[in-house]
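S.K.: Once you've had a glance at the structure underneath, I'll fire off some questions.
Readers should treat all values here as calculations from the given coordinates under stated rules, not as data from a laboratory. Predicted model only: the values in this text are computed from it and were never measured. Cβ atoms come from the backbone with ideal geometry, glycine included; neighbour counts cover every protein chain shown.
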Amino acid sequence: MITLGGVTISDNMYLGGITEAKQVAHQQERTVEGVSKLRVVPTPGGRIITLESQNLNGSIQGIWCQSVIDEVKILEAANVAYTLDHHGTTYTVKIVDTTGFRPLFSFEPVTPNKKYTGKLITIEV
C-alpha cells in the first residue's frame, strides 16, 4: 500500500529518485601550493522523490484519480512535511509539485473518478 499524509494512493505507482539521488556531496579545491583538498559530506535529505505513472510495454501502470489529486493538492497547500509510506518503507517528504498530471482520456467528464497519468514530486526533508 502507498500512503502520503493519510491519503491512499494507487499501489502500482513507480517510486523514483531513491536510487538516482547522490548520497554524498563533494567539492574539490587546490591550494596555492597545489595540494588537492577533497571535501565530502553526506546528504541524508534533499532527495527528490517522485510517485509517477509508467508506460511499460504499451500498458500504463499507476493511474491517478481526480479525488486523490484533489486530496494531495490540499496537503501541498499546507506546506508541511508528511510521511510517505511506500509498501512499508517510509520517507519524510514535502510536496513540491502537483502540476504534472494529464488526463488519461481526452473527453472524459470531470468527476471524482476521472483518470490521469503523471507525476507527483516531493523532496525528502
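S.K.: Restricting the search to region 64-88, which residues are among the β-branched types (Val, Ile, Thr) and part of a helix (DSSP H, G or I)?
M.R.: Within region 64-88, the first condition is being among the β-branched types (Val, Ile, Thr), and the residues that meet it are 68-69, 72, 74, 80, 83.
If the condition is that a residue be among the β-branched types (Val, Ile, Thr) and part of a helix (DSSP H, G or I), then Val68, Ile69, Val72, Ile74 are the ones that fit.
S.K.: Within the set of pairs 6+ apart or on separate chains, which have a first residue in region 89-101 that is farther than 18 Å from Asp70 by Cβ, a second that is of a type in the set (Asp, Glu) and crowded, with 19+ Cβ neighbours inside 10 Å, and C-beta atoms under 6 Å apart?
M.R.: Final answer for the pair search is Tyr91/Glu124; Val93/Glu124.
S.K.: Still on this structure, I have one more. Tell me, which strands (runs of 3 or more DSSP E) wholly within region 1-63 include 1 or more residues that are surrounded by fewer than 10 Cβ atoms within 10 Å (Cβ to Cβ) and of a type outside the set (A, V, I, L, M, F, W, C)?
M.R.: Working: elements: 2-4, 7-9, 14-16, 24-30, 36-42, 48-52, 54-56, 59-61.
Once the strands (runs of 3 or more DSSP E) in region 1-63 are filtered for at least 1 residues that are surrounded by fewer than 10 Cβ atoms within 10 Å (Cβ to Cβ) and of a type outside the set (A, V, I, L, M, F, W, C), what remains is 24-30, 36-42, 59-61.
S.K.: Just checking, does region 95-109 include any residue being closer than 14 Å to Thr3 by Cα and not acidic (Asp, Glu)? Step through it out loud before you land on a result.
M.R.: Taking region 95-109 and keeping what is closer than 14 Å to Thr3 by Cα, we get 95.
Okay, now just the ones that are also not acidic (Asp, Glu), so 95.
So far as region 95-109 goes, yes, one or more of its residues are closer than 14 Å to Thr3 by Cα and not acidic (Asp, Glu).
S.K.: Something else about it: Are there any pairs, at least 6 apart or on different chains, whose C-beta atoms fall under 8 Å, with the first in region 109-123 and touching a residue at least 40 places away in the same chain (Cβ under 8 Å) and assigned to a loop (DSSP other than H, G, I, E, B) and the second surrounded by fewer than 18 Cβ atoms within 10 Å (Cβ to Cβ) and hydrophobic (A, V, I, L, M, F, W, C), and if so, which?
M.R.: From residues that are touching a residue at least 40 places away in the same chain (Cβ under 8 Å) and assigned to a loop (DSSP other than H, G, I, E, B), the pairs are Pro112/Cys65; Asn113/Cys65; Lys114/Cys65.
S.K.: Within region 32-60, take every residue that is of a type outside the set (A, V, I, L, M) and more than 24 Å from the chain's Cα centre (by Cα) and give me the one that is farthest from Ile2 (Cα to Cα). Full working, then the answer.
M.R.: Within region 32-60, the first condition is being of a type outside the set (A, V, I, L, M), and the residues that meet it are 33-34, 36-37, 39, 42-47, 50, 52-55, 57-59.
Narrowing the set further to residues that are more than 24 Å from the chain's Cα centre (by Cα) leaves 33-34, 36-37, 39.
Numbers: Glu33: 54, Gly34: 52, Ser36: 46, Lys37: 43, Arg39: 37 Å.
Across region 32-60, the extreme among qualifying residues is Glu33.
S.K.: Could you say whether any residue in region 55-72 is in contact (Cβ under 8 Å) with a residue 40 or more places away in the chain and farther than 26 Å from Leu104 by Cα?
M.R.: no
S.K.: Suppose the filter is touching a strand residue (DSSP E or B) at 6+ places or on another chain (Cβ under 9 Å), hydroxyl-bearing (Ser, Thr, Tyr) and over 17 Å from Thr122 (Cβ atoms); does Ser36 pass it? Step through it out loud before you land on a result.
M.R.: On the way: touching a strand residue (DSSP E or B) at 6+ places or on another chain (Cβ under 9 Å): yes; hydroxyl-bearing (Ser, Thr, Tyr): yes; over 17 Å from Thr122 (Cβ atoms): yes.
When the stated conditions are applied, Ser36 passes them.
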